[in-house]
Amino acid sequence: MSYLETTHNVYKAAALKPDVGLCCTTNPIWELPGLKIPKIMQEMNYGCGSTVHARDLTNNPKILYVGVGGGMELLQFAYFSRQKNGVIGVDVVDEMLEASAQNFTEAEALNPWFKKDFVRLEKGNALELPVDSNSIDVAAQNCLFNIFKTEELKKAIAEMFRVLKPHGRLVMSDPTCEQPMSDELRENEQLRALCLSGSIPINDYVRMLTDAGFGTIEIRARKPYRILDPKHYNTDEIIYIESIEVAAIKDPMPSDGPCVFTGKAAIYFGSDDYFDDKAGHILLKNQPLAICDKTAKALKKLNQKDIFISKSTFHYDGGGCC
């Protein structure tokens, strides 16, 4: 049985009988005015973070969500896109699509603003999305792509890039790890079905996104997640896994490479009111400016004694140099 078949069976079972915490740690539910999330959706929340961010969701965007789960994030997305077929949910597991559709009936009863036709559910594969090219404003997936091996992961990211409009956003939440896993652990089909054995270091994860053509990457959150230890897994050492939330933006690729925001900031503290690096960045005195890693490197090369550059926090919340 292939790892994709194993994954299919795991999530078929989770659709037929909710399995709290199946894939990842349970996450807090966003509290939005007038939004009530059915208990069944919370029980079927199989993600490792959140892909719903208000700043991505202005002007009634067209949204694609791959791997529907119990429909919780689809409902949250519909909150910001209250239009017929404003949100498209794609899943390869029939039982998960059916469960999600049933959950939307309950959501409609709880939320006067919500109509089931705000969400369109489609059977489809992440490697060949049933969506037109350049038709989506925000695409999202939560703890799904890390089931894929390298070649399938590249295809899934390329498909998301294809369906996004220019400047559209791919928002993802996935587990990552600092050190490589053993071959035996990485090939463990059950672990892969649980989104763990596909975990890769953040730098490799970002490189796959930029290789697909995304010109801007934002690391929005990095949180402790799980330990794989020798007592319970086929590993000689403790492997620490984190959950990260990332937005990849379909901006044109700059000639000098992508802009990757990892939570760095620059602060100018010299004698003038501001510092102009003559490359498009103005630093006001003692006013921190969020900067991408590329700008941080360029500023360091200037050898200015009156510019402080912070380390990566891996928490980026907008604004900045680009």
- prompt: Could you list, in sequence order, the residues of segment 30-56 that are touching a Ser or Thr at 6+ places or on another chain (Cβ under 9 Å) and either part of a helix (DSSP H, G or I) or at pLDDT below 90 (or both)?
  reply: Trp30, Met41, Gln42, Met44, Asn45, Gly47, Cys48, Gly49, Ser50
Any hit, segment 200-219, residues being out of contact with any helix residue (DSSP H, G or I) (no Cβ under 9 Å at 6 or more places or on another chain), open to solvent by 50 Å² or more (accessible area, probe 1.4 Å) and not in a helix (DSSP H, G or I): no
message: Between Ile309, Ile249, which is aliphatic (A, V, I, L, M) and in contact with a helix residue (DSSP H, G or I) (Cβ under 6 Å, 6 or more places away or on another chain)?
response: Ile309
- request: Check whether at least one residue in segment 274-296 is touching a residue at least 40 places away in the same chain (Cβ under 8 Å), assigned to a loop (DSSP other than H, G, I, E, B), surrounded by fewer than 20 Cβ atoms within 10 Å (Cβ to Cβ) and over 19 Å from the mean Cα position of the chain (by Cα), and report yes or no.
  value: yes
statement: When restricted to Asp174, Asp94, the only residue open to solvent by 60 Å² or more (accessible area, probe 1.4 Å) and of a type in the set (Asp, Glu) is Asp94
- request: Please tell me if Glu242 is in contact (Cβ under 8 Å) with a residue 24 or more places away in the chain, part of a helix (DSSP H, G or I) and open to solvent by 10 Å² or more (accessible area, probe 1.4 Å).
  value: no
- request: Considering only segment 109-160, state which residues are open to solvent by 20 Å² or more (accessible area, probe 1.4 Å), at pLDDT below 95 and in a strand (DSSP E or B).
  value: Asn125
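The values are calculated or read from the model by the stated rules, or taken from the named source; none is laboratory data. If you're wondering where the values come from, they're calculated on a predicted model, not measured in any experiment. Every residue, glycine as well, gets a Cβ built from its backbone with ideal geometry; the counts of neighbours run over all protein chains shown. We work out accessible area using only protein heavy atoms, side chains counted, and drop any ligands, DNA or RNA first. Shrake-Rupley method; radii C 1.70, N 1.55, O 1.52, S 1.80 Å.
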